[in-house]
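Please read the structure below before turning to the comments.
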Ligand code: SF4
Ligand code: SF4
């Protein structure tokens with residue numbers, strides 16, 4: 001006798017009077033939820049397979065379907081809640097590590113939501129962004145600490161290599177392999193149109209996307225997949241990935257089943273072999289070793305590209321960032337513990353690392369205290385969800401933000417959190433050709449452009465309300481922030497006053 005240890009999490013509710021038996025939902029669901037019962041001429045559902053991706057809901061021509069969270073749950077209490085019990089049943093059945101995708105859903109504080117933004121009243125008048133110029137352009141890279149002159153007294157305007165962004169947002173690393181060709185193309189096209197950057201992640205750069213090189217950050221991760229001279233020189237900047245917010249302290253793993261065709265060629269990994277990036281870089285055991293890699297990459301690219309070092313936000317992040325700033329890196333990217341992923345061990349994703357808000361504030365303060373803040377730019381990611389998160393991050397000290405989940409949502413992702421299965425019904429986290437084809441790069445890139453254009457308007461409005469007309473004047477301006485419902489220690493680390501003060 002087969003025992004189902006728990007009832008399906010979601011139920012498909014189909015209004016039979018509206019259903020025309022067109023079977024489109026059957027065709028659209030890669031999880032095999034919907035099927036047609038010839039004998040009774042009715043559509044039926046296998047609820048246990050439903051991941052609540054809403055593809056059927058969105059495509060049903062008669063709006064006959066809705067997905068509801070089942071109210072048939074286990075007998076839980078505050079300690080043994082239903083999720084904990086289900087995880088035990090799953091591990092008892094599989095004997096394996098629990099895998100998840102996207103950012104941690106845990107109920108830990110989201111500090112962005114406990115920070116409020118200032119607005120000008122009476123004195124220091126606000127600025128109307130519709131009538132007055134507002135500057136959202138930012139440059140990332142080493143900035144001179146003071147005005148310099150050459151030997152003959154003229155102004156020395158030479159700068160180390162910089163990234164120029166039309167707005168303080170970029171698309172974070174998502175590898176070709178973890179996301180589809182069409183998703184990569186959409187990000188590349190949108191970055192190019194917006195005057196910002198997208199990031200290859202650790203999967204190499206598909207030959208078709210070299211044409212977007214001016215708007216591409218190429219990543220070098222511990223597995224060195226897809227890394228070669230042309231690749232390094234193809235992008236506008238190189239990112240050394242030391243860590244990732246969703247899985248600090250461990251490497252990456254793209255299953256052999258996803259290493260097919262172009263993905264295999266682009267990664268330079270044989271078809272069908274697992275692509276396993278080691279947890280550490282085997283040539284980096286100290287800041288001196290990191291410095292050597294930074295220098296080697298600069299040499300390989302004729303000192304023309306800024307070097308980014310990406311780390312996960314962990315307990316001693318301020319000291320780590322100080323070391324990175326001294327390694328010769330031009331930009332530090334910090335990924336908070338809520339950062340997304342295509343696949344990560346659930347326990348690590350939900351329990352390792354610290355929130356990006358606290359990490360950012362600690363790093364910015366440490367670099368200022370050490371007088372080296374201008375030596376590096378700071379980019380933060382790990383659940384940046386809106387223009388207000390961006391503005392708060394910049395006021396806390398960031399130069400720019402990385403977004404990934406928000407970008408996927410703009411393309412159609414419904415956060416079903418099953419990317420690791422490779423059967424994304426929205427054509428994003430999959431390599432199955434018929435699923436990939438569902439994502440139209442024309443439409444998806446346009447939606448990304450719309451999203452960030454809207455955010456740019458909102459950033460200007462928020463800055464105008466503060467009486468600030470440039471990102472440069474907002475950066476690290478913590479006087480513009482107030483906390484609500486935070487304790488003394490949290491306010492101290494964030495470096496902001498409580499609302500009412
Ligand atoms: S897509 Fe809608 S109308 Fe068509 S079979 Fe499914 S539920 Fe019925
Ligand atoms: S990318 Fe696809 S599989 Fe991943 S969470 Fe979004 S909809 Fe689900």
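No lab work stands behind these numbers, since they all come straight from the coordinates. These numbers come from a predicted model, not from an experiment. Every residue, glycine as well, gets a Cβ built from its backbone with ideal geometry; the counts of neighbours run over all protein chains shown.
Residues that are within 16 Å of ligand 2 (Cβ to nearest atom) and either closer than 18 Å to residue 436 by Cα or touching a helix residue (DSSP H, G or I) at 6+ places or on another chain (Cβ under 7 Å) (or both) within region 26-63 comprise 28, 29, 30, 31, 32, 33, 53, 54, 55, 56, 58, 59, listed in sequence order.
Tell me yes or no: at least one residue of region 153-164 is in contact with a helix residue (DSSP H, G or I) (Cβ under 7 Å, 6 or more places away or on another chain), outside any loop (DSSP other than H, G, I, E, B) and buried (at least 24 other Cβ atoms within 10 Å of the Cβ). Within region 153-164, none of the residues are in contact with a helix residue (DSSP H, G or I) (Cβ under 7 Å, 6 or more places away or on another chain), outside any loop (DSSP other than H, G, I, E, B) and buried (at least 24 other Cβ atoms within 10 Å of the Cβ).
Within region 437-481, the only residue that satisfies the criterion of being in contact with a helix residue (DSSP H, G or I) (Cβ under 7 Å, 6 or more places away or on another chain) and assigned to a strand (DSSP E or B) is 481.
For region 38-59, taking the residues that are surrounded by 18 or more Cβ atoms within 10 Å (Cβ to Cβ) and part of a strand (DSSP E or B), the one that is nearest to ligand 1 (Cβ to nearest atom) is identified as 43. Which residues, counting only those in region 1-32, are in a loop (DSSP other than H, G, I, E, B), near ligand 1 (Cβ under 10 Å from one of its atoms) and buried (at least 16 other Cβ atoms within 10 Å of the Cβ)? 19, 29 - these are the residues of region 1-32 that are in a loop (DSSP other than H, G, I, E, B), near ligand 1 (Cβ under 10 Å from one of its atoms) and buried (at least 16 other Cβ atoms within 10 Å of the Cβ).
How many residues are part of a loop (DSSP other than H, G, I, E, B) and either within 10 Å of ligand 2 (Cβ to nearest atom) or within 17 Å of the chain's Cα centre (by Cα) (or both) when one looks only at region 392-412?
4
When region 64-82 is filtered for residues that are away from ligand 2 (no atom under 16 Å from the Cβ), surrounded by 15 or more Cβ atoms within 10 Å (Cβ to Cβ) and closer than 13 Å to residue 14 by Cα, the ones remaining, listed by number, are 64, 65. Among the residues of this structure, residue 191 counts as one that is at negative phi, buried (at least 19 other Cβ atoms within 10 Å of the Cβ) and not in a strand (DSSP E or B). Could you tell me whether residue 35 is more than 14 Å from ligand 1 (Cβ to nearest atom) and more than 27 Å from the chain's Cα centre (by Cα)? No. Number of residues in region 197-242 that are out of contact with any helix residue (DSSP H, G or I) (no Cβ under 7 Å at 6 or more places or on another chain), in a loop (DSSP other than H, G, I, E, B) and closer than 15 Å to residue 174 by Cβ: the value is 1. Counting only residues that are free of Cβ contacts under 8 Å to residues at least 24 places away in the same chain and within 16 Å of ligand 2 (Cβ to nearest atom), region 437-466 holds 2 of them.
Checking each residue in region 413-436 for being within 7 Å of ligand 2 (Cβ to nearest atom) and either in a loop (DSSP other than H, G, I, E, B) or farther than 23 Å from residue 29 by Cα (or both) picks out 413, 414, 415, 416, 417, 418, 424, 425, 426, 428, 429.
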